[in-house]
Amino acid sequence: MSAKPPALRTLPPTDEALELNIKRAHFAATLMKKCLSGILPSMNPLEYGWELGTDNKSLKPIMLPATIEIAPPKVLQATRCQCTTHCQTNRCSCYKARIPCSDYCYCTKTDTDTCENREHAVNAPKDSDNEDAEEEA
């Protein structure tokens, strides 16, 4: 009987992620407190855990600094898919765990690199259990 590695989504957040979350909360609380006075503070949201969206008109939270790995390399190596296609069903172990495919996954090593599970896997819907049965067959 082999032990499965823990799902990445169950790992505790890092100190860096906590710091960014505290900065965002401080920014939001300060704005809310000052908005009733009509005098908004001159705070740059980019210094408080936010970055510009792709449209340069919206803000999106920075969940982790770019220099920090989401998990240690050994954990990422243990949680990787062996897919040769798009990684959009429960056949993909990463998609099923609701985590994005990483550079350690087989799908990123193929010539075509057709993986569509590189971002936003946390919001991915769960597919039927029938696909799980097909995967094990």
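Here are the numbers:
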{"quantity": "Over 32 Å (Cα to Cα) - which of Lys60/Lys96; Lys33/Lys60; Lys33/Lys96 fall in this group", "calculated": "Lys33/Lys96"}
{"quantity": "Nitroxide proxy distance, nm - points 7 Å out along Cα→Cβ at Gln82 and Ile68", "calculated": "3.4"}
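Taken together, the values in this text are just the output of simple stated rules run on the coordinates, not laboratory data. This structure is a prediction, so every number in the text was calculated from the model and none was measured. Quick reminder, even Gly has a Cβ in these numbers, built from the backbone with ideal geometry, and neighbours come from all protein chains shown.
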